[in-house]
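What follows is one structure encoded as structure tokens, with my remarks underneath.
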Amino acid sequence: MRIEKTIPIGDHTITIRELTVADIRALLVESMQQHGDVGLIPDQADLVLNAMLLPDVRLEELRAMAPMEPDVLDSLADSDLQTLRDKCRELNPLFFGMKARLEQAKAQAEMIALAQLNS
């Protein structure tokens with residue numbers, strides 16, 4: 001369920017709402033099209049969202065842990081998605097630990113490569 005918060009800003013009252021995955025996808029497509037880039041079709045937007053929406057897990061990995069139809073995932077608001085990720089992390093600590101170690105190994109390899117370039 002989306003969270004909304006109404007706040008005063010100057011003489012105005014503004015309502016802020018959480019974005020759903022579908023909202024974020026639509027904004028991504030719109031932004032890329034407005035900036036003159038090659039039109040980002042929804043499938044390409046899905047690739048970007050899958051890889052980059054959450055910092056530590058891909059959306060396809062969440063769906064592997066919590067099977068759901070794509071439209072259900074699209075309807076999740078930010079707080080719902082974070083709750084889902086947190087619960088998946090609770091039940092799959094080995095998976096998330098492995099991902100963290102892989103990221104550390106990747107960072108170390110990049111540092112070694114940079115050090116070798118500078119020597």
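Among the residues in region 57-74, are any within 30 Å of Gln104 (Cβ to Cβ), surrounded by 11 or more Cβ atoms within 10 Å (Cβ to Cβ), in contact with a strand residue (DSSP E or B) (Cβ under 7 Å, 6 or more places away or on another chain) and hydrophobic (A, V, I, L, M, F, W, C)?
no
Would you list the helices (runs of 4 or more DSSP H) that sit entirely within region 1-75 and hold 3 or more residues that are closer than 24 Å to Pro93 by Cα and touching a residue at least 12 places away in the same chain (Cβ under 8 Å)?
Once the helices (runs of 4 or more DSSP H) in region 1-75 are filtered for at least 3 residues that are closer than 24 Å to Pro93 by Cα and touching a residue at least 12 places away in the same chain (Cβ under 8 Å), what remains is 59-65.
Are any residues in region 76-102 under 27 Å from Ile16 (Cα atoms), without any contact (Cβ under 8 Å) to a residue 60 or more places away in the chain and of a type in the set (A, V, I, L, M), and if so, which ones?
Scanning region 76-102 gives Leu76, Leu84.
Keeping to region 4-44, report how many residues are modelled with pLDDT under 90 and exposed (fewer than 10 other Cβ atoms within 10 Å of the Cβ).
Qualifying residue count, region 4-44: 7.
Can you find a residue in region 27-43 that is among the charged types (D, E, K, R), under 30 Å from Lys106 (Cα atoms) and in contact with a Lys or Arg (Cβ under 9 Å, 6 or more places away or on another chain)?
No - not one qualifying residue is present in region 27-43.
The values are calculated or read from the model by the stated rules, or taken from the named source; none is laboratory data. Quick caveat: nothing in here was measured; it's all calculated off a predicted structure. Neighbour counts run over all protein chains shown; Cβ positions are idealised from the backbone, glycine included.
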